Amino acid sequence: MKTKVWFASALCGMAWLFGSCCGQCGKQPNVAERWSEEKANAWYENKPWMAGADYIPANAINQIEMWSKDTYSPELIDKELTWAENLGFKTLRVYLSSVVYENDAEGMKERMSNFLEICQKHGITPLFCIFDDCWNAESSYGKQPEPKPGVHNSGWVRDPSDIARQDTLTLYPKMEQYVKDLLTTFGQDERVLLWDLWNEPGNSGYGLNTLPALKKVFQWAREANPSQPLTSGVWFYEPSFAPMSSFQLENSDVISYHNYDSLECHQAEVRYLQMLNRPLICTEYMARRQKSVFKDIMPMLKKNKVVAINWGFVSGKTNTIFAWGEPMPDVAEPPVWFHDIFRQDGTPFDQAEVDTIKALTLSE
């Protein structure tokens, strides 16, 4: 999930990152017990190639609305996941909410279990994303705002919020309880594919300020010792950001990443990341106006057995059919959707895209 465009030049010239990473491996011990390459590859070797989407139901504007008791919508989720199953999707990336957890921990875990039941019914093994550095700085429990017309992700919230980050003595114990409770409750659950600990750490201007918290989250997750792998996706390749990206690559059991660029640069990133000799999961791609489209990217990801998770599934309150930073308040629907696949009645934005996806996923 980007608040800025992908830096193609940095992506295509990212070899410096691996020199930085490898140069630090002997200097900075890994957090707790990172999986060995052998264990990570053994986990992956018997799995079929998987495709899926970053998922939130059409009636939720953000993570809080998806998981809150009064707005959790199992019937709608069941209906939308029927479309995912028919598309051949085998996984979904789903964001959680520490705000909901803090106010209703047991209820949220019950709803997560219900969500996993619905996923299992449709042959889908989701991965959960725990923290997020993108979009609105503050959040609150209870009724969420209505979408701003034509504005991409107008109601999505960072987690933790800005104000919470100002008091780490209070925040860190809450974060630790949250991480350990989730990874203890669901850490042996075969219905969960893996744990994405932090989405785009350092985005929204945080830079390296998120790194200390990310290190603690990995430590707490290791202490919980889930059976599923841990990851945090690399997303930004400027040299000043190297300590963050290097830490993510050195401490993830399986390597995840975001790429909203064209085939040439995306393929270049895959080649570099394959040097790390671990399973690869693309947890965000597909922005039509960025030349990141299904017909180009999905075949390449399948050929390389990279899990292919595109941003967006059903057009809804997140407004991600509109592009980053280009509000269109007077337009009901842009001529070319930025993200998403289906309208709320289950019809696709582009039938040819659906045909392409099915040709790749249903041939497994």
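Every number in this text was worked out from the coordinates using simple rules, so none of it is lab data. Keep in mind that what you see is a predicted model, and the values were worked out from it rather than measured. With ideal geometry, Cβ positions are generated from the backbone for all residues, glycine too; neighbour counts draw on all protein chains shown.
Using the Cβ-Cβ distance between Arg343 and Glu85 with R0 set to 22 Å, the FRET efficiency from 1/(1 + (r/R0)^6) comes to roughly 0.80.
Suppose R0 equals 25 Å. What FRET efficiency, 1/(1 + (r/R0)^6) with r the Cβ-Cβ distance, do Ser227 and Leu169 give to the nearest 0.05? Between Ser227 and Leu169 the formula returns 0.20.
For Cα extents along the principal axes in Å, the value calculated from this model appears in (i) 94, 41, 37; (ii) 64, 42, 36; (iii) 54, 45, 38 under label (iii). Peptides 216-223, 351-358 ranked from most to least packed, by the mean per-residue count of other Cβ atoms within 10 Å: 216-223, 351-358. Under a 10 Å cutoff between Cα atoms, tell me which one of Lys47, Lys302, Lys148 has the largest fluctuation in the Gaussian network model of the chain. Highest fluctuation among the options: Lys47. Computed from backbone phi with θ = phi - 60° and the Karplus coefficients 6.51, -1.76 and 1.60, the 3J(HN,Hα) list for segment 45-58 is 5, 9, 8, x, 4, 10, 10, x, 9, 5, 10, 8, x, 4 Hz; x is used for glycine and proline. Antiparallel versus total DSSP beta bridges in segment 48-361: what percent is that, nearest 5? Looking only at bridges with both residues in segment 48-361, the antiparallel portion is about 10 percent. The simple Förster model, with R0 at 25 Å and r as the Cβ-Cβ distance, assigns Lys358 and Lys303 a FRET efficiency of 0.90.
Each of His122, His258 was scored by other Cβ atoms within 10 Å of its Cβ. Arranged with the fewest first, they read His122, His258. Amide H to amide H distances under 5 Å link Phe131 with Trp198, Asn199, where only residues 5 or more positions off or on other chains count and H is placed in the peptide plane. Using Cα springs under 10 Å in a Gaussian network model of the chain, which residue among Ile124, Ile61, Ile163 shows the largest mean-square fluctuation? With Cα springs under 10 Å in the chain, the top fluctuation among Ile124, Ile61, Ile163 is at Ile163. So which of Lys39/Lys358; Lys143/Lys180; Lys69/Lys358; Lys174/Lys215; Lys109/Lys303 end up more than 25 Å apart, counting from Cα to Cα? Over 25 Å Cα-Cα: Lys39/Lys358; Lys143/Lys180; Lys69/Lys358; Lys109/Lys303.
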